[in-house]
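**Student:** Sharing a structure below in structure tokens format, with a few things to ask.
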Amino acid sequence: MDSSSTHLFAARPGPARRAESAVAWIFRIATYLILACGLFVFADIIWKGAPTVLRSFALTESFPYVTNTFLFEAPETLHVFTYEGEKRELGDTAYRAFREAEIAKAAAAGQPAPRFTPTSYVYAAGGIWPCIVGTVLLVVGSMFIALSLGVASAIYLSEYARDTAFVRFIRLAILNLAGVPSIVFGLFGFAMFVLFFKWNVSLLAGWFTLAFMVLPVVITASEEALKSVPKGFREGSLALGATKWQTIRKNVLPYALPGILTSSILGIARVAGETAPIMFTAAYVVRDKLPWEVEKVGDFFFQGVMALPYHIYVVSSKIPQNDYTQRVQYGTAFVFLGIVALIAASSIILRNKLRGRYKW
């Protein structure tokens with residue numbers, strides 16, 4: 001006889017056991033279904049977006065002798081036309097140069113100027129370099145402000161504030177702010193920073209709007225990370241004569257940094273993908289100059305930028321749809337996911353290194 005069947009605490013089949021097993025399978029299937037849906041979405045973007053990037057490599061006459069037009073050029077209008085029996089697809093800059101060269105060639109040969117009747121598709125040529133630059137600047141600047149203010153607030157709430165009704169009300173207000181829709185933060189940023197402070201549509205207005213939007217997440221996660229540090233670290237430091245700020249700076253913050261960086265990862269994921277806040281405060285549909293191409297250094301902070309999520313929104317919903325714009329949509333989404341993953345991976349690597357250095 002099997003010993004397990006006679007064991008006093010062995011699991012025995014029954015209705016409750018079968019129901020529990022069924023519920024566990026429902027949870028398992030739901031989890032796998034969510035993962036499958038996520039993988040399908042990512043696979044679809046990669047499958048349709050990667051060719052746009054990979055087919056955009058071109059040779060140049062100067063170092064580094066190779067470039068990627070989709071990654072390192074600005075968006076342009078695509079002109080599709082037939083010339084001498086051959087279908088051509090040229091961006092606006094290349095099309096103008098080609099047309100002028102052909103007209104000049106015909107004039108030199110004493111022939112009438114050729115006629116061009118192209119079909120034009122907005123934002124279907126060129127690349128997304130200004131959008132990449134604007135997105136990185138918005139993410140880095142807003143996360144710097146959010147982490148600076150958020151960690152300072154978390155230190156106050158965790159280390160200095162007493163457990164009073166007012167402090168509990170502040171914590172409740174912070175939690176409520178985390179659930180406010182992003183469009184509300186966009187309207188707040190437009191009213192406060194664009195109109196009241198007269199920063200206009202600019203990087204600075206976008207930085208503070210996005211920082212305030214992600215601030216509740218940063219404060220909550222940072223406060224929990226500070227609370228997770230054992231009290232013995234604080235008591236031992238204070239017993240040796242250190243001040244409270246020295247104790248926080250030397251014995252609390254270093255051990256809480258991995259948790260704080262976790263909040264930055266969550267913040268990056270939300271900040272990078274928002275469209276509504278930057279649409280009101282920082283993003284332009286088209287901008288010819290890059291942010292650093294300014295006459296004065298101070299003008300860098302008071303100018304708008306292009307951004308990947310806003311560019312996807314414009315190309316997907318504000319212009320006529322066709323195969324050319326679909327290529328741009330998926331290519332932009334593919335690059336966008338890669339940039340967000342790269343920034344988040346950097347935070348994860350730094351967090352893991354800090355975890356290995358500070359253990360208790």
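The values are calculated or read from the model by the stated rules, or taken from the named source; none is laboratory data. Because the structure is predicted, anything quoted here is derived from the model rather than measured. For neighbour counting, all protein chains shown are included, and Cβ atoms are generated from backbone atoms with ideal geometry for every residue, glycine included.
**Student:** Consider only pairs whose beta carbons are under 6 Å apart and that are at least six residues apart or on different chains; among these, list those whose first residue lies in the range 306-318 and is touching a residue at least 60 places away in the same chain (Cβ under 8 Å) and assigned to a loop (DSSP other than H, G, I, E, B) and whose second residue is polar (S, T, N, Q) and crowded, with 23+ Cβ neighbours inside 10 Å.
**Tutor:** Pairs that qualify, where the first residue is touching a residue at least 60 places away in the same chain (Cβ under 8 Å) and assigned to a loop (DSSP other than H, G, I, E, B) and the partner is polar (S, T, N, Q) and crowded, with 23+ Cβ neighbours inside 10 Å, are ALA307/THR135.
**Student:** I would also like to ask the following. The conditions are (1) touching a helix residue (DSSP H, G or I) at 6+ places or on another chain (Cβ under 7 Å); (2) modelled with pLDDT of 90 or more; (3) of a type outside the set (Asp, Glu), and ALA113 fails exactly one of them. Which is it?
**Tutor:** Of the numbered conditions (1) touching a helix residue (DSSP H, G or I) at 6+ places or on another chain (Cβ under 7 Å); (2) modelled with pLDDT of 90 or more; (3) of a type outside the set (Asp, Glu), the odd one out for ALA113 is (2).
**Student:** Considering only residues that are part of a helix (DSSP H, G or I), among the aliphatic types (A, V, I, L, M) and over 21 Å from ALA146 (Cα atoms), which ones fall in the range 218-258?
**Tutor:** Hits for the range 218-258 are LEU238, ALA239.
**Student:** OK, next. Just for the range 145-192: of the residues that are part of a helix (DSSP H, G or I) and charged (D, E, K, R), which one is surrounded by the fewest Cβ atoms within 10 Å (Cβ to Cβ)?
**Tutor:** ARG168
**Student:** Do we find a residue being closer than 30 Å to VAL80 by Cα, under 17 Å from the mean Cα position of the chain (by Cα) and surrounded by fewer than 20 Cβ atoms within 10 Å (Cβ to Cβ) anywhere in the range 301-313?
**Tutor:** Taking every residue of the range 301-313 in turn, at least one turns out to be closer than 30 Å to VAL80 by Cα, under 17 Å from the mean Cα position of the chain (by Cα) and surrounded by fewer than 20 Cβ atoms within 10 Å (Cβ to Cβ).
For (1) more than 21 Å from ALA344 (Cα to Cα); (2) at pLDDT 90 or above, each residue gets a yes or a no:
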{"site": "PHE196", "(1), (2)": "yes, yes"}
{"site": "ARG234", "(1), (2)": "yes, no"}
{"site": "GLY267", "(1), (2)": "no, no"}
{"site": "GLY273", "(1), (2)": "no, no"}
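**Student:** Same structure again: Of a type in the set (Ser, Thr, Tyr), surrounded by 13 or more Cβ atoms within 10 Å (Cβ to Cβ), closer than 30 Å to GLN246 by Cβ and out of contact with any Asp or Glu (no Cβ under 7 Å at 6 or more places or on another chain): is that true of SER142 in this structure?
**Tutor:** The answer is no for SER142.
**Student:** Within the range 96-144, can you find the residues that are touching a Phe, Trp or Tyr at 6+ places or on another chain (Cβ under 6 Å) and part of a helix (DSSP H, G or I)?
**Tutor:** ARG99, TRP129, GLY141, SER142
**Student:** Does the range 49-70 hold any residues that are under 26 Å from THR119 (Cβ atoms) and within 20 Å of the chain's Cα centre (by Cα), and which are they?
**Tutor:** Passing the criteria: GLY49, VAL53, PHE70.
**Student:** Please go through (1) under 20 Å from the mean Cα position of the chain (by Cα); (2) under 30 Å from GLY356 (Cα atoms); (3) surrounded by fewer than 22 Cβ atoms within 10 Å (Cβ to Cβ) for GLY232 and return the number of the only condition it doesn't satisfy.
**Tutor:** Only one criterion is unmet by GLY232, namely (1).
**Student:** With respect to ALA239, is the statement that it is hydrophobic (A, V, I, L, M, F, W, C), farther than 30 Å from VAL305 by Cα, without any contact (Cβ under 8 Å) to a residue 12 or more places away in the chain and assigned by TED's automatic domain parsing to the domain that holds VAL335 true?
**Tutor:** When the stated conditions are applied, ALA239 passes them.
**Student:** Quick one: how many residues across the range 243-268 are free of Cβ contacts under 8 Å to residues at least 60 places away in the same chain and among the basic types (Lys, Arg)?
**Tutor:** So the answer is 2.
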